[in-house]
Amino acid sequence: MRVDLFGLTMEAPGVTFYLWSPWRCSALEHKLFDALKTVPNATVEPAPDEVRLHIAEQKSWKAALQHLSRVLKGWQEEASDTGREERRAWRWLIEGDVDASGYDMQGERASLWAYVRLSLDRGGPGESEKCEDIDLNGFGIQVWGSKE
């Protein structure tokens, strides 16, 4: 399947979305994962300490990315509804680490990981800027590398 992450395009056998330690995740991480449950041809796999959602079709990937973007844009727009002086932004963090043989630290074939980082800017005119970056460590996306 072809995975297109805002212009970064790659071929992958599948994508897995993770919600790690659901009892410790934020409400936003739960919203992100819950939005994915409506993606067509998605398979949910519950485990004792995490929940996984697998997709293997390009149409499902496009729908999943659209659902995630809507949730994050909704979170971003909530700042204007609160009446406080707050600006919100989000961005994808892409990560991949492999050894010289092409395996990750758990002995699996190389894959690409995507995480979400939130940015909060609080303060108004005459106030010192209060910026904060928050990594959503409970939610992640794994784009699988090809299996040989």
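Just so you know, all these numbers are worked out from the coordinates, no wet-lab data involved. What you see is a predicted model; the values in this text were computed from it and never measured. We place every Cβ from the backbone using ideal geometry, glycine too, and count neighbours over all the protein chains shown.
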#### Entry: Estimated inter-spin distance, Lys62 and Glu132, nm [label 7 Å along Cα→Cβ]
3.8
### Query
How much net charge surrounds Asn41 when only the other residues with a Cβ under 9 Å from the Cβ of Asn41 are counted, with Lys and Arg +1 and Asp and Glu -1?
0
## Note on the structure
Taking 0.36 nm per residue of separation between Glu108 and Trp92 and subtracting their Cα-Cα distance, the length gained on full extension comes to 3.5 nm
### Task
Could you tally the net charge around Asn137, taking each other residue with its Cβ under 11 Å from the Cβ of Asn137, Lys/Arg +1 and Asp/Glu -1?
0
### Task
Only Lys, Arg, Asp and Glu count, each charged at its Cβ (+1, +1, -1, -1), so figure out the dipole size of segment 31-131 about its Cα centre, rounded to 20 debye.
440
### Summary
In whole angstrom, largest first, the equivalent ellipsoid semi-axes that the Cα gyration tensor gives for the chain are 30, 18, 15
